[in-house]
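Only one structure is covered here, and it is reproduced in the block below.
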Amino acid sequence: MTSIMSIVKLDPQNAMPLHEQAASALRRAIADGEAKPGERLPPARDLAAVLGVNANTVLRALRALRDEGLLEFRRGRGITVVGSPEQSVVVAKAKELLKLSREQGYERRELVELLETLQ
């Protein structure tokens, strides 16, 4: 699955550990439907090579997603996406925030400006 390999981008300058960055990117791909149930992921060593990290870093991310019920590991079959969240938690919360801001009289532009000051 080449698309997954292009989705996962790690930033060594980010304070978030690399394995958490990888897990977050994969989680989002699953939530957004870019990685669908039944699809197989590339082997961890291939993902690690593309990302420029140790295979153990990728395995740690994949195990976390397995523990969340999003991935399944099968000997001889590799790693398969099994989770199918309808919508990522971030998107749902963003919609709630947008609704709340409208109720409070904020325009979209003002909300974006407010969010940018929080970085």
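Quick notes on this one:
- Shape category assigned to region 2-81 from the gyration tensor of Cα positions, a/c cut at 1.5: prolate
- Among 31, 22, 64: highest mean-square fluctuation, GNM of the chain, C-alpha pairs under 10 Å: 64
- Given 11 as the ceiling on other Cβ atoms within 10 Å, longest exposed-site-free region of the chain for GluC sites (Glu not before Pro) in DSSP loops: 1-85
Every read-out reported here was derived from the displayed coordinates using simple, explicitly stated rules and does not represent laboratory data. Everything numeric in this text was worked out from a predicted model, so none of it was measured. With ideal geometry, Cβ positions are generated from the backbone for all residues, glycine too; neighbour counts draw on all protein chains shown.
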